[in-house]
1. Scan the range 125-180 for residues that are among the small types (Gly, Ala, Ser), surrounded by 13 or more Cβ atoms within 10 Å (Cβ to Cβ) and more than 17 Å from Leu66 (Cα to Cα) and jot them down.
2. Can you tell me which condition Glu82 does not meet? The list is (1) in contact with a strand residue (DSSP E or B) (Cβ under 9 Å, 6 or more places away or on another chain); (2) closer than 16 Å to Val38 by Cβ, and all the others hold.
3. Of everything in the range 123-180 that's under 17 Å from Leu93 (Cβ atoms) and of a type in the set (Gly, Ala, Ser), which residue is modelled with the highest pLDDT?
4. Only one of Glu17, Glu28, Glu60, Glu48 is open to solvent by 70 Å² or more (accessible area, probe 1.4 Å), modelled with pLDDT under 90, outside any strand (DSSP E or B) and in contact with a helix residue (DSSP H, G or I) (Cβ under 9 Å, 6 or more places away or on another chain); which?
5. Got at least one residue in the range 112-122 being more than 21 Å from Ser32 (Cβ to Cβ), at pLDDT below 90 and either assigned to a loop (DSSP other than H, G, I, E, B) or open to solvent by 50 Å² or more (accessible area, probe 1.4 Å) (or both)?
Amino acid sequence: MFGALQFPAVINSFRSEAPKLARDAADEIYVSKAFTGVWSSESGAVDEASSPEGLDPSVEGEPVKLALRTYDGAAQGEIISEGLRQYHIFSRLEVEGQLRDGRIEGQVWDIVDGHRITLATFVVEKTKRHAADLQFRVTSQRAPYFPKLSYLYRQSAPIGDEEGEINARYFEIMRKVAAR
């Protein structure tokens with residue numbers, strides 16, 4: 001008798017929890033954990049599990065920070081780099097790509113004059129150096145936004161809302177061009 005009285009509460013509980021359980025189950029099936037996460041080439045941002053061989057800050061475009069979510073073969077996220085900070089209006093841009101043959105082939109894009117443009121194309125794949133490392137290799141780019149090759153290490157903290165900055169020099173150049 002007591003179990004029958006609890007039956008409505010169990011049904012209501014299941015009804016409210018079912019969507020979350022379905023999302024969690026779908027994430028287990030469709031999210032690629034090998035690529036999903038936040039990755040950085042900066043040694044100070046590295047989790048204890050990884051041990052970087054060292055970031056060379058003299059390499060143009062370093063450091064690079066990449067946040068990815070790979071779901072059902074599609075990768076989306078954001079990227080920040082010193083090269084973007086120097087050569088583009090904003091140092092934080094969108095990335096997207098496809099997971100194919102154990103690697104992500106993607107592009108970095110922005111909206112310019114109302115049109116989507118690709119600033120760089122890249123390949124991200126697991127390295128043989130460490131189990132937790134990714135290799136970020138640029139296949140083409142419009143300016144030296146990124147190093148040709150960067151090793152990225154898993155980071156526990158997400159990219160913060162305050163990360164990324166507007167290039168003040170860009171506005172100065174635009175003002176000079178408009179004055180001509």
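The values are calculated or read from the model by the stated rules, or taken from the named source; none is laboratory data. Given the structure is predicted, the values throughout are model-derived calculations rather than measurements. Positions of Cβ are generated from backbone atoms using ideal geometry, with glycine treated the same way; all protein chains shown enter the neighbour counts. Heavy atoms of the whole protein, side chains included, go into the accessibility calculation; ligands, DNA and RNA do not. Shrake-Rupley method; radii C 1.70, N 1.55, O 1.52, S 1.80 Å.
1. Within the range 125-180, Ala143 is the sole residue that qualifies.
2. The single condition Glu82 does not satisfy is (2).
3. My answer is Ser140.
4. After applying the criteria, what remains is Glu60.
5. Checking the range 112-122: at least one residue is more than 21 Å from Ser32 (Cβ to Cβ), at pLDDT below 90 and either assigned to a loop (DSSP other than H, G, I, E, B) or open to solvent by 50 Å² or more (accessible area, probe 1.4 Å) (or both).
To keep it simple, each residue is scored yes or no on (1) in contact with a Leu (Cβ under 7 Å, 6 or more places away or on another chain); (2) modelled with pLDDT under 85; (3) more than 30 Å from Glu172 (Cα to Cα); (4) buried (at least 20 other Cβ atoms within 10 Å of the Cβ).
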position	(1), (2), (3), (4)
Ser43	yes, yes, yes, no
Ala75	yes, no, yes, yes
Ser81	no, no, no, yes
Asp110	yes, no, no, no
